[in-house]
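Shown next, in structure tokens, is the structure this report addresses.
The values are calculated or read from the model by the stated rules, or taken from the named source; none is laboratory data. Keep in mind that this is a model prediction, so the values were computed, not measured. Here the Cβ positions follow ideal geometry from the backbone for every residue, glycine too, while neighbour counts run over all protein chains shown.
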Amino acid sequence: EADIYQTPRYLVIGTGKKITLECSQTMGHDKMYWYQQDPGMELHLIHYSYGVNSTEKGDLSSESTVSRIRTEHFPLTLESARPSHTSQYLCASSEVSASGRITSTDTQYFGPGTRLTVL
Amino acid sequence: KNQVEQSPQSLIILEGKNCTLQCNYTVSPFSNLRWYKQDTGRGPVSLTIMTFSENTKSNGRYTATLDADTKQSSLHITASQLSDSASYICVVSDRGSTLGRLYFGRGTQLTVWP
């Protein structure tokens, strides 16, 4: 089982609150990702990072922001939560190959997810 | 538009029976195809990965096949167990970028009854 952790597992919060979803991995992986998944729907990439101080927006527009100050830590923040942010958020990481070249065969290891409900 | 379509959307089988899940994709250029298993309330876990040159890959009771010409893949589960109840997600990667962009299917929800 992958050593990637997310907290909290479940969060119910009121509209307008600021929240931070935590993601940590102990595998030393350089690449990390945040996905959003609604029930019965596909995963959508919202943020990714190649390494420390590197963050990029993914395919799905998101009002959330991320930071990567340490290799093992990739938190996601919502400054003002809204009901439209209700979803499952999955964090993942993958290892850059020894050559340093990022290949598409990198396997992503997923955390257990955070189920966010905004009232 | 690059897409990954999975069928059936949901499937119920009895314990001990076999089943086959389908994945059709239009992703191009193609790099590899993965099958993931996602238990309820958990993150996906990789089962198999196949590149263009591979047409079959096994992982225990799971066997994945790939036909790159017809852009189809299947996941065959043998002698199903209650623990196989999960969503099975087909993921296709292109080689069009260093990110190795991933295209996710919506999954097939498998339920195994005793």
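When B:Thr63 is tested against (1) under 12 Å from the mean Cα position of the chain (by Cα); (2) surrounded by fewer than 20 Cβ atoms within 10 Å (Cβ to Cβ); (3) of a type in the set (Ser, Thr, Tyr); (4) under 30 Å from A:Trp34 (Cβ atoms), exactly one condition is not met: (4). No other residue among A:Ser24, A:Ser87 is away from chain B (no Cβ under 13 Å), closer than 24 Å to B:Arg106 by Cα and small (Gly, Ala, Ser) apart from A:Ser87.
The combined condition, being over 16 Å from B:Val4 (Cα atoms), away from chain A (no Cβ under 14 Å) and of a type outside the set (Lys, Arg), is fulfilled by B:Pro114. Which ones in segment A:54-110 are among the small types (Gly, Ala, Ser) and modelled with pLDDT of 80 or more? Correct list: A:Ser54, A:Gly58, A:Ser62, A:Ser64, A:Ser67, A:Ser80, A:Ala81, A:Ser84, A:Ser87, A:Ala92, A:Ser93, A:Ser94. For segment B:16-93, the strands (runs of 3 or more DSSP E) that sit wholly inside it and include 2 or more residues that are within 28 Å of A:Thr114 (Cβ to Cβ) and β-branched (Val, Ile, Thr) are B:45-51.
Kindly list the number of the only condition in (1) touching a residue at least 40 places away in the same chain (Cβ under 8 Å); (2) out of contact with any Lys or Arg (no Cβ under 8 Å at 6 or more places or on another chain) that fails for B:Asn59. Answer for B:Asn59: the failing condition is (1).
The test for being surrounded by 18 or more Cβ atoms within 10 Å (Cβ to Cβ) and more than 10 Å from chain A (Cβ to nearest Cβ) does not hold for B:Leu82.
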